[in-house]
Structure formats: C-alpha cells, structure tokens
Amino acid sequence: MRATAFEFRHRALLIGIIYWLAFSAYAIDHTNSVQAMVIWTVGSSSPHRLLAARGLLGLATLFVAFGALVRTWGAAYLRASVVHDAKLHSAVLVADGPYRHVRHPLYFASIVSTLGTGLMASRLGFVIMVGALTLLYLRLVGREEAQLHEQQGEAYREFRRRVPRLWPSLTPRVPRLWPSLTPRVPGTGAKPQWGQAFRGELFMWGFALAIGAFAVTFKFTVMAVILSLAFLAFLAFLAFLAFLAFLQQQIVHNRRRRMARQAQTP
C-alpha cells in the first residue's frame, strides 16, 4: 500500500480536504461525538453530563497535545523545512530523537492527534476523519519506506530491522512493528532545532490549546479565536520557509551563472 507521487506532493491539501469533509458531516449527522459518548456513558439527563463532557474534551486535548509534542520532537531533528516540503527527502537517514524509537514518529503522532480532533466532529465525521487520515498516513509511510529502501540500501534495511515501524502496543507480539520505549539504534549526535520545530507545529499546539479552552469555557468563540490565530501563525511560518527556499534557489542559480561565465572566460 503505497501513495502516489501526487498524493505525497499534495498531502497537506488532501489532509485539509479530509478535515473539511469530516466536519461537514454535521450536515448529515447532527450529533457531536463527545455528546454521543456522554449520552452513552452517563445518560442525557444525568447531573454529571457536563463533567463527563469536560473529561472527554480533556482526553481529546491530551491526544492532540501528545501528538504535537511528538511531532515537534521529530521535526527538531528532521527540520521543519523538510517536514512541510512537497518533495520526498530520502538522501539522509535520520536516526536521532524519536527516530531511535519508531521509524515514522510524525505519522504515529498524527494518528494519535486525529483521535483527539475527531472528537470535535460528529459521529460520522469522527469515522471519516480517523479512517481516511489513517489510510492516507499508511499510504504515505509506504511511499517513504520504498524510496528510503531504494536510496539507502543496506543501511535502511538494518534500520528497518531494528527500529519499530509505527503502531504502539502494550504487549507487542511482533517487535519490529511497534514503537519501543527504549532506543533501538544509537544516535548520530545530531543537534535538535527546537525553535523552528515548534513554529512548524504551531497549528497542532493551537488545536490542543483550543480544545482545552473549550473544555473549560464551553464557548465556541474562544476555540475559534485560538484556532484562527494558530492557523495564521502557521501560514506565516510556511510563507517564511517558502521565502527562504526561494532565496536559496536564487543563490544557487547565481553561483552557477558565475561559474559558467568563469568557464567561458579564456
């Protein structure tokens, strides 16, 4: 199961479309996932229904915050410019930070976060979001592993043999598939870049903060304001990364032109 080049290049757009479809499912299913779980667990007339709702929203906050934390940890070593690039980077094998525990920590974290964000959708929206995004992430993992195997050869085969792939399990039966709490490979000594990693995951952190704020206030306005600010900050950071990439391309282009002129000079 492997994503196409189109899927990988436009993965951010596809993720956005899935989120839109999931939240648009309210037009068909009007019951929020948290509301449905509260009714199922304590009943619609229980005096504890607000407490139960806050507990579920708190759980959703923890899921999203955990995902944001792991993604930030991974991006600190992989670099935010690589994480958000449309191109697939496989020339260098990263084996530091969370990559010592699991081969695809960013996708693992994204799936965990989806369980939290999905609770903000309707029941149908939750199924759409979790199901479609998990399928997409698995396809992206397949494409990345195929290219890494092709470019890294034996080094990646050894990394793949020793480091678990994606899914967590309290009682792992197939060790190579499950994240390990202890490092499976030695680190290379790479230095993490926490600042750019955090800025690259601003929207994830904002989503966690927004759900947490809603759990306390039950005000959609507060959640919407936090999400909007986080999204705008994230877009600004992406624009900054694009500007840096443009400058780098210009520098390389000018350098090649100078070298070409020098080669033509007798």
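The values are calculated or read from the model by the stated rules, or taken from the named source; none is laboratory data. As the structure is a computational prediction, the values presented were derived from the model and not from experiment. As a convention, Cβ positions derive from the backbone with ideal geometry for all residues, glycine included, and neighbour counts pool all protein chains shown.
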Discussion item. Just to check your reading of the model, which residue among Ala25, Ala75, Ala109, Ala68 is without any contact (Cβ under 8 Å) to a residue 60 or more places away in the chain, in a helix (DSSP H, G or I) and surrounded by 18 or more Cβ atoms within 10 Å (Cβ to Cβ)?
Written reply: Ala109
Worksheet entry | Enumeration of residues in the stretch 1-11 that are at pLDDT 90 or above, surrounded by fewer than 12 Cβ atoms within 10 Å (Cβ to Cβ) and assigned to a helix (DSSP H, G or I) | Phe6
Practice prompt. Considering only residues that are assigned to a loop (DSSP other than H, G, I, E, B) and either out of contact with any helix residue (DSSP H, G or I) (no Cβ under 9 Å at 6 or more places or on another chain) or buried (at least 19 other Cβ atoms within 10 Å of the Cβ) (or both), look in the stretch 30-47 and name the one that is modelled with the highest pLDDT.
Written response: His30
Worksheet entry | From the options Gly131, Gly118, residue that is closer than 24 Å to Leu57 by Cβ, surrounded by fewer than 16 Cβ atoms within 10 Å (Cβ to Cβ) and either out of contact with any Cys (no Cβ under 6 Å at 6 or more places or on another chain) or at pLDDT 95 or above (or both) | Gly131
Worksheet item: His89 is checked against (1) without any contact (Cβ under 8 Å) to a residue 40 or more places away in the chain; (2) under 18 Å from the mean Cα position of the chain (by Cα); (3) assigned to a helix (DSSP H, G or I) and fails just one. What number does that condition carry?
Response: (3)
Discussion item. Just checking, does the stretch 145-153 include any residue being out of contact with any Leu (no Cβ under 6 Å at 6 or more places or on another chain), on the phi > 0 side of the Ramachandran plot and not in a helix (DSSP H, G or I)?
Written reply: yes
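Here are some residues: Gly97, Gly125. Which one is among the small types (Gly, Ala, Ser) and on the phi < 0 side of the Ramachandran plot?
Details: Gly97 fails: on the phi < 0 side of the Ramachandran plot.
Gly125 is the lone residue from the list that is among the small types (Gly, Ala, Ser) and on the phi < 0 side of the Ramachandran plot.
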